[in-house]
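Q: The structure under discussion is supplied below as structure tokens; questions concerning it will follow.
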Amino acid sequence: MPINKIQFQRGLSLPDHFAEYGSEAQCKAALEKMRWPDGFICPDCGETEYTVVQRGELKLWQCRSCRKQTSLTAGTIFESTRLPLTIWFLGIYHLTQPKNNVSALELKRLPCVNYKSAWRLKHKLMQVMDEREDKRVLNDRAEVDDAYLGGVHPGKAGRGAHGKVPFVIAVQTSEEDHRPWYVRLDPVSGFTKKALIQWAEKPLRSWPTWM
Ligand SMILES: [Zn+2]
């Protein structure tokens, strides 16, 4: 099980991050591409024809069919935020790039963020990551292993150790060089055939639609 490789996965460097998402305009363009990869789709009726309405700084997409006006961030976690997107993106960078978790205190070092907003930003992002991870379905090539987390230390090692929670680890790896892409960690009731079949129904079925 190539779990170790995950720790050495090459990430985006901080200068790379700033080159790509350093300005508000770059973040907006990136968000638009993530949200509507094939062009605007009205969240209400699915229409793709629109006109742009500019209200001061705010750009609105007005649906040609139902006339609903949608902003880039409407219905996303960035909606009604007072923080610039560059800060959100930097927060996402800090939470996802290093392999060890980042504290709200570290996020506070981001420009123009106080502790309260840093804490909120971190928790909002983690909530979204949790929800997304829960929906993550691994594609054809997945490597699966069992593991225990927690437990009394020093204790009995391995299966059956007291207080340890059984987990299934599934890693989706690339076809060519088996590089790890995604990891899922799911607690299971035990490593019985029944529990594992029940578990496998969730992450191994097919690709989901993300957004
Ligand atoms: Zn519409």
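Q: Inside region 45-83, can you point out the residues that are open to solvent by less than 80 Å² (accessible area, probe 1.4 Å), more than 8 Å from the ligand (Cβ to nearest atom) and over 30 Å from L121 (Cα atoms)?
A: Scanning region 45-83 gives T48, T51.
Q: Give R132, R136, R141, R109 a once-over and let me know the one that is at pLDDT below 75, surrounded by 16 or more Cβ atoms within 10 Å (Cβ to Cβ) and among the basic types (K, R).
A: Numbers: R132 fails: surrounded by 16 or more Cβ atoms within 10 Å (Cβ to Cβ); R141 fails: surrounded by 16 or more Cβ atoms within 10 Å (Cβ to Cβ); R109 fails: surrounded by 16 or more Cβ atoms within 10 Å (Cβ to Cβ).
It is R136.
Q: Looking only at region 17-69, count every residue that is under 30 Å from Y93 (Cα atoms) and touching a Cys at 6+ places or on another chain (Cβ under 7 Å) and tell me the total.
A: Within region 17-69, residues that are under 30 Å from Y93 (Cα atoms) and touching a Cys at 6+ places or on another chain (Cβ under 7 Å) number 2.
Q: Of all residues in region 30-44, which are without any contact (Cβ under 8 Å) to a residue 40 or more places away in the chain and surrounded by 13 or more Cβ atoms within 10 Å (Cβ to Cβ)? Spell out how you get there, then give the answer.
A: Looking only at region 30-44, we keep the residues that are without any contact (Cβ under 8 Å) to a residue 40 or more places away in the chain, and these are 33, 36-44.
Within region 30-44, W36, F40, I41, C42, P43 qualify.
Q: Could you figure out which of (1) surrounded by 11 or more Cβ atoms within 10 Å (Cβ to Cβ); (2) near the ligand (Cβ under 10 Å from one of its atoms) isn't true of F89?
A: Exception for F89: condition (2).
Q: So, one more: Could you please let me know if A104 is open to solvent by less than 30 Å² (accessible area, probe 1.4 Å), hydrophobic (A, V, I, L, M, F, W, C) and modelled with pLDDT of 85 or more?
A: Details: open to solvent by less than 30 Å² (accessible area, probe 1.4 Å): yes; hydrophobic (A, V, I, L, M, F, W, C): yes; modelled with pLDDT of 85 or more: no.
For A104, the condition - open to solvent by less than 30 Å² (accessible area, probe 1.4 Å), hydrophobic (A, V, I, L, M, F, W, C) and modelled with pLDDT of 85 or more - is not met.
Q: Something else about it: Hey, any hits in region 15-38 for a residue that's part of a loop (DSSP other than H, G, I, E, B) and within 12 Å of the ligand (Cβ to nearest atom)? Walk me through how you get there before you give the answer.
A: First, pick out the residues of region 15-38 that are part of a loop (DSSP other than H, G, I, E, B): 22-23, 36-38.
Add one more test, that the residue is within 12 Å of the ligand (Cβ to nearest atom), and what stays is none.
Within region 15-38, not a single residue is part of a loop (DSSP other than H, G, I, E, B) and within 12 Å of the ligand (Cβ to nearest atom).
The values are calculated or read from the model by the stated rules, or taken from the named source; none is laboratory data. Because the structure is predicted, anything quoted here is derived from the model rather than measured. Cβ: placed from backbone, ideal geometry, glycine included. Neighbour counts: every protein chain shown. The protein model used for the area step is the full one, side chains on, heavy atoms only, and it has no ligands, DNA or RNA in it. Shrake-Rupley method; radii C 1.70, N 1.55, O 1.52, S 1.80 Å.
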